[in-house]
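Everything on this sheet refers to the single structure shown next.
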Amino acid sequence: MSKLKLNRPRTLWIKTILIFLTGGIFICILFSILYYRTVKIMTEKTNLLFENTVYQVSERCSQEAGQMEDLILGISENQWVKNYLSGLMSGRDNFSMTEVRIVREALRERNLNMAENVYVYTEDYEPINCFYRNAVFETEEPYRTYLEKYQEFPHGNILWRYPQGEPRMMEAVSYIHDGDVVYGLLVVQFTQESFETLFTAKNKSRQEKMLLTDADGRILFTEDKSLIGKYVKAPAQEAEEHHVAYPLGSFGWNLCGILESTAVTQELNKIIPILIIVFVCIALLVGIIALTIFKSFLRPVKQLLYGMERIQNGELDFTMERKKQDEFGMIIDSFNYMLVRIKELLHTVQRQRNNYYKLEMLALKSKLNPHFLYNAFDMIYWKMVLKNEYEIADVVATLADILRYCVNHKKEFVTVQEDMRYLSSYLSFQRLLLNEKLQYEIDIPKELSECEMPKLLIQPLVENAIKYGMDEQEGQLRVSLRQEGDYLVFEVWDNGKGMPQETTRRLLQDDTGDNGGFGVRLVKAMVKSTYGEDCGVSIYSREGWGTKVTVRILKDVPVPEYIR
């Protein structure tokens, strides 16, 4: 056997240095992964938050745009306004009366304060100023074109346009008509500043932009006034910006949000120095802790290795000194206890080896006695046969079979058929001893006769039934077997005098045998040790009725080969 070699401490130091280098590289890789993963997560979260902000603003803008649409359609689709213009066109009403009536209807609109100017143009009369800062007195050319022929607008009955000479003004044009009959043209003008009420979100970050655009992509409003009237460029796939757009109402407008990627990295770059300092502090702290633990581990480990080397060399008469009251101290105490136990076990093994040789010699000598008895019974049997004493000869032969079965130790498990054959011989012999007073029956199904069972499992119970259950009168005894699922159930019943419930309880609970019941205790121990806790013995007895003992075992039990 090779000796245990104790490694030098410097080997552990080299391993420690390698661990530190590996740990440093791992921390750098971890920091890089953490940084890029943080950038990605923060970018996703920031984009999602920005999208949510743009969506909330678009919802508020949609409500405001809906109010603007209600104002425009509330006048252009007002049936009274149509009737007044129809009366003007047919000559039933004069212009002054119609103008007053239409202005009155326009002033009833609750969202009128959103507009800058509200005009109604007709083909043959001067414009009607319903609500205005700047009054008009002539119908301009674009409006005449709309009045001459009814046109379908791209987005329903409202057309948004920029009036000439008014770069910071937008107007909504809507027909006042009934089918193809055009009564007039409604023009509602809004200033760019009126979109301030729509654009309620004020962005503090320079990296965030919100743009209100029309269907053609023209910017209607944004905080940067220089961009108003220009067109939004389509976002390129490689652009480092995040674009999001939500439609507003039925005008074809969109609320566009643009978020630059630097919005995340600029904030993250402020945190990087702090993260680096934290990582360095953690690395130093871990290094100091590791060195301290390493030194505290090295000395007791060396002491244990030295003790193991002495044990391998056969030195057992020594005791390791305990210097610390920690876990290593407990290990050293256990090591010393192990040395004591090893020495005791070595003495025990030596003593058992000596006893084994003595028992082996006695076993060799005892082998002569059973063969001598078999030969003796065989000689007596043939002597009785020669003298025509057949009954006595049968008794001798039965007794010889019983003895041979009992002292045969070659196998501990037998078939049910084999054990019941022995039990039948045993009962037959007992019947002769009791002068034919014993009547017995063994009921074993043929399909269960080849199942295996422990040898002499039922015999102690049968012996108890004959010894304690039978009286001077004729007795009956029945042994039966049945299958219940994966289990075999033996029943031993006698019609003896029975016993009280207290005696039954004592027999089942007493495992020491101090109060009698050796046979029941023996069978219980054999069943439990062989088949486990799911199997066992039960007793049912009633005074004057008899006693029934039930033994429950497994039909198929994994028995080690060395037992067989």
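Quick note: the coordinates plus some simple rules give every number you see, no bench work behind them. All figures in this text were calculated on a predicted structure; none of them were measured in a lab. When we count neighbours, we look across all protein chains shown, and the Cβ atoms used for this are built from the backbone with ideal geometry, even at glycine.
Neighbour counts of other Cβ atoms within 10 Å put Asp419, Asp494 in the fewest-to-most order Asp419, Asp494.
Say the cut-off is 27 Å between C-alpha atoms; which of Lys467/Lys528; Lys45/Lys225; Lys40/Lys225 go over it? Intermediate values should be presented prior to the final figure.
On the way: Lys467/Lys528 25 Å; Lys45/Lys225 30 Å; Lys40/Lys225 33 Å.
Check vs 27 Å cut-off fails for Lys45/Lys225; Lys40/Lys225.
Looking at the square roots a ≥ b ≥ c of the eigenvalues of the Cα gyration tensor of the stretch 411-554, which shape do they give, rounded for a/c under 1.5, prolate if a/b is larger than b/c, or oblate? The shape class here is oblate. Look at Thr43, Thr222 and count the other Cβ atoms within 10 Å of each Cβ; fewest to most, that gives Thr43, Thr222.
Output the peptides 479-485, 523-529 sorted from most to least packed, where packing is the average of other Cβ atoms within 10 Å over each peptide's residues. Kindly include the intermediate steps, with their values, before the conclusion.
Details: 479-485: 14.1, 523-529: 17.1.
Result, highest mean Cβ count within 10 Å first: 523-529, 479-485.
So if each residue of separation counts as 0.36 nm, and I subtract the Cα-Cα distance between Val136 and Glu344, what length gain in nm does that give?
Value of the extension gain: 62.7 nm.
Ranked for footprinting exposure by Cβ neighbours inside 10 Å, fewest first, His243, His177 give His243, His177.
If you place +1 on the Cβ of every Lys and Arg, -1 on the Cβ of every Asp and Glu, and leave all else neutral, what size is the dipole of the stretch 1-160 about its Cα centre, to the nearest 20 Debye?
On the way: 18 positive and 20 negative charges, 608 e Å.
Result for the stretch 1-160 is approximately 2920 debye, rounded to the nearest 20.
Dipole size of the stretch 411-554 about its Cα centre, with +1 on Lys/Arg Cβ and -1 on Asp/Glu Cβ: approximately 180 debye, rounded to the nearest 20.
Centre-to-centre separation between the Cα atoms of the stretch 110-157 and those of the stretch 437-488: 117 Å. Charges were assigned to the Cβ only: +1 to each Lys and Arg, -1 to each Asp and Glu. The resulting dipole of the stretch 11-260 about its Cα centre is roughly 1400 debye.
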